[in-house]
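Readers should treat all values here as calculations from the given coordinates under stated rules, not as data from a laboratory. What you see is a predicted model; the values in this text were computed from it and never measured. A quick note on method: Cβ atoms are made from the backbone with ideal geometry, for glycine too, and the neighbour counts reach across all protein chains shown.
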Amino acid sequence: MTVLRAQGLGKKYKRRWALTGCTLDVPAGHVTGLVGPNGAGKSTLLGLAAGMLEPSSGTIEVCGGVPGSGPAQLAKVGFVAQNTPVYANLTVEEHLRLGARLNPGWDDELAHERIARIGLDPAQAAGKLSGGQRAQLALTLGIAKRPELLLLDEPVASLDPLARREFLQDLMEAVAEHGLSVVMSSHLIADLERVCDHLIVLVDSRIRLTGDVDDLLATHRRLTGPRRDVDTLPADQRVVSVRHTDRQTTVLVRTEAPILDPSWDVGELDLEDLILAYLTNPGVERPNLGVVR
Amino acid sequence: MIEFHLDGKSGLSPYQQLVRQVRHALRLGLLSEGDQLPKVKDVVADLAINPNTVLKAYRELEHDGLVAARPGVGTFVTGTLSGTSLAALAPLRQDLRRWLAKARRAGLDEESIEALFLTTFRAAAKEDIA
């Protein structure tokens, strides 16, 4: 089951391509982390999936339909933009009423329970809320809508550590209980390591890496040994990054097979090492567009 | 019932950490046959962790014959890690003690002993694969 599928997807703003050649399959029922440097195209990809943007090239299909193509499609997809927009003149309670009117699957009990737990005053105007409180209100609307797919652009950036943990708990409960699929961008890799089981790395408007997190971790290794030329590595070991000192070579490879060469000291990577290796070495390997299974 | 925790500095993925914590509890006798593992929903709510991660860990434990899922009820311990290994543990520990004393007499410090153990352990594991 695929919840988001893109074929050669691209988006051009005036003369600049914000996203190009994006081919992707995001499986349903998973939490997908979207990472990349600022300006890599993360928000553009989420905007395209939500139907807030029109593709300049290629196609995108979300929950089996064209993004933003009608009321049925809009009901399936939730989107919380980076600036967590709310209506400044409406109160918190009015936001919940609006949510109930506009969304056929609205979970009113969850919405009110969450607002009470966070400690938001229902009578307060949304324009008077702090940045973190505003984000909490927007995220509550996103979860209570009960979409099939929830798109979150930097959802926890403005939250304090406790609020962040509580939000991720609510989100994971929704995934467990309702089979919600999530695609969320974030710079906080420690959070992603907890909650994400699927990963998309975007660099320079292109997809650099995508796949199941545990598969990716199982197929990447750090090899350390005496200095040598990486061209001598077996063909099934694809080099992600390489560093030499005068005596030593450290190379990060992607391979399905075990490392048999005894001259290497073989180390495993955590998610942060893996992501940083792809972010800091954009040129070594051809972009890998396939989904790893 | 045991309670899971996640260690950000362990170098293990969350799913590996859960598997290891159950195996550890079995080995120490904190969990024994018939005990229930925490419900997926509760682990998810406690740790803010992806439910698929918990399911994956439980599936691996099930595959190893240590637990069994009863649909709609929960996951229960069916196997044990302590029984057979406990008996074998004492003589092995004694051997290791003797070996450690020998290594110290040969002038190895703690780091060298650790490095020697690790490289030998890895080499042996590799021979098993090949």
The FRET efficiency for B:ALA69 and A:THR2, from their Cβ-Cβ distance with R0 = 30 Å and rounded to 0.05, is 0.65
Rounded to the nearest 10, the angle in degrees between the Cα long axis of helix A:131-144 and the longest principal axis of the Cα atoms of chain A comes to 90
So the angle from the long Cα axis of helix A:161-178 to the longest Cα principal axis of chain A, reported in degrees to the nearest 10, equals 90
As straight-line cross-link partners of B:LYS126, the qualifying aspartates and glutamates (C-alpha separation under 12 Å, not fewer than 8 residues apart within one chain) are A:ASP261
So, relative contact order of chain A in percent, Cα under 8 Å, 6 or more apart, is 20
With +1 at each Lys and Arg Cβ and -1 at each Asp and Glu Cβ, the charge dipole magnitude of the range A:79-208 around its Cα centre, to the nearest 20 debye, comes out at 320
Ranked output for segments A:20-32, A:99-111, A:134-146 by mean other Cβ atoms within 10 Å, highest leading, reads A:134-146, A:20-32, A:99-111
Under the helix-only model (-39500 (n - 2.57) for each DSSP H run of 4 or more, divided by the residues of chain B), the mean residue ellipticity at 222 nm, to 500 deg cm²/dmol, is -20500 deg cm²/dmol
Partner shielding of B:49-59, taken as the mean number of other chain Cβ atoms within 10 Å, equals 6
Mean-square fluctuation maximum in Gaussian network of chain A, Cα pairs under 10 Å, restricted to A:GLY58, A:GLY47, A:GLY33, hits A:GLY58
In deg cm²/dmol, rounded to the nearest 500, the helical mean residue ellipticity at 222 nm of chain A, built from -39500 (n - 2.57) for every DSSP H run of length 4 or more, is -9500 deg cm²/dmol
Over the range A:139-281, the quotient of the Cα radius of gyration and 2.2 N^0.38 Å is 1.29
Cross-link reach from A:LYS42 to aspartates and glutamates, straight Cα distance under 14 Å and at least 8 residues apart if same chain, gives A:ASP153, A:GLU154, A:ASP204
As a percent rounded to 5, the proportion of antiparallel DSSP bridges among beta bridges in the protein assembly as shown is 70
A student applying the Cα gyration tensor rule (rounded when a/c is under 1.5; otherwise prolate if a/b is larger than b/c, oblate if not) would label chain B prolate
Counting other chain Cβ atoms within 10 Å of each Cβ in A:265-271 and taking the mean gives 3
Output field shielding_mean for B:13-21 (other chain Cβ, 10 Å radius) holds 3
Given A:206-212, A:269-275, B:106-112, A:159-165, the highest-first ranking by average Cβ count within 10 Å works out to A:206-212, A:269-275, A:159-165, B:106-112
Here the alpha-carbon Rg of chain A over 2.2 N^0.38 Å rounds to 1.11
Residue separation between A:ALA123 and A:ASP204 times 0.36 nm, minus their alpha-carbon distance, gives in nm 24.7 nm
Between the Cα axis of helix B:14-28 and the main Cα principal axis of chain B, the angle (0 to 90°, nearest 10) is 70
For B:LYS41, the lysines lying under 25 Å Cα to Cα, once residues fewer than eight places off in the same chain are dropped, come out as A:LYS76, A:LYS145, B:LYS9, B:LYS56
